[in-house]
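Encoded as structure tokens, the structure appears first; notes follow it.
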Ligand code: 6PG
């Protein structure tokens, strides 16, 4: 598969937190605030969720929040090709921690149908996203090799408007090997993008990122820049 051309330069706002709990509280408040603003301006809030373990606590905090859930529309930045209710699916993590417990209409929760296999799921999700020009908020995590969503180093990132907006990933270096990911260009089509980065194995990835090395996370370049919520311990 050909690799993408370079993405436009990324503008990063680094927000450092001394503890994971502080980061999670601040991220939760920022999400709720962004939702309030979007709903008051446009009547709806379109959010893309991150997978992995870092956002779980934030999702649990959102579950306890008072929000206008009926106006929320939920999408996923990536998914693992596993059976629909598999506990290691990103959709299952978000459902168990949060979505099953609040009044977001089921028709507003847009899981990636990754149980159908990467190719079919990617094609289906292109249709799901077709009418959304800009997401209101995209949440992302960072892997220790610099990946974000399921965009891995050395793999297709989808940096340009002509690349597929949803990528079928085969042979991913992180389990499971079959995945589906929004492209870097599609993830950048957002009013706000927020990374949440914690865990003690990501120092090198953060260092590379801050030093301008082209890790996949650096390919996310929305017009308004990105906010990186980071644990101070990761700054070495
Ligand atoms: C996935 C992801 C992935 C994740 C990072 C960070 O499905 O695995 O979406 O990009 O966000 O690997 O994962 P942790 O939060 O578990 O460190």
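Please verify whether the range 103-123 includes one or more residues that are surrounded by fewer than 20 Cβ atoms within 10 Å (Cβ to Cβ), modelled with pLDDT of 95 or more and within 12 Å of the ligand (Cβ to nearest atom). Within the range 103-123, none of the residues are surrounded by fewer than 20 Cβ atoms within 10 Å (Cβ to Cβ), modelled with pLDDT of 95 or more and within 12 Å of the ligand (Cβ to nearest atom).
I'd like to check something: does the range 217-232 contain any residue that is in a loop (DSSP other than H, G, I, E, B), in contact with a strand residue (DSSP E or B) (Cβ under 6 Å, 6 or more places away or on another chain), within 11 Å of the ligand (Cβ to nearest atom) and in contact (Cβ under 8 Å) with a residue 40 or more places away in the chain? No, the range 217-232 contains no residue that is in a loop (DSSP other than H, G, I, E, B), in contact with a strand residue (DSSP E or B) (Cβ under 6 Å, 6 or more places away or on another chain), within 11 Å of the ligand (Cβ to nearest atom) and in contact (Cβ under 8 Å) with a residue 40 or more places away in the chain. Number of residues in the range 124-148 that are more than 13 Å from the ligand (Cβ to nearest atom) and within 24 Å of residue 227 (Cβ to Cβ): the value is 7. Across the range 92-101, the qualifying residues are those that are over 15 Å from residue 138 (Cα atoms) and surrounded by 18 or more Cβ atoms within 10 Å (Cβ to Cβ), and the one among them that is nearest to the ligand (Cβ to nearest atom) is 93. Number of residues in the range 45-79 that are more than 12 Å from the ligand (Cβ to nearest atom) and touching a residue at least 60 places away in the same chain (Cβ under 8 Å) equals 4.
Set side by side, the residues 82, 62 differ, and just one is surrounded by 16 or more Cβ atoms within 10 Å (Cβ to Cβ) and closer than 17 Å to residue 122 by Cα, which is 82.
The values are calculated or read from the model by the stated rules, or taken from the named source; none is laboratory data. Treat the numbers as computed from the prediction; the structure is a model and nothing was measured. Glycine also receives a Cβ, built like all others from the backbone with ideal geometry; neighbour counts cover every protein chain displayed.
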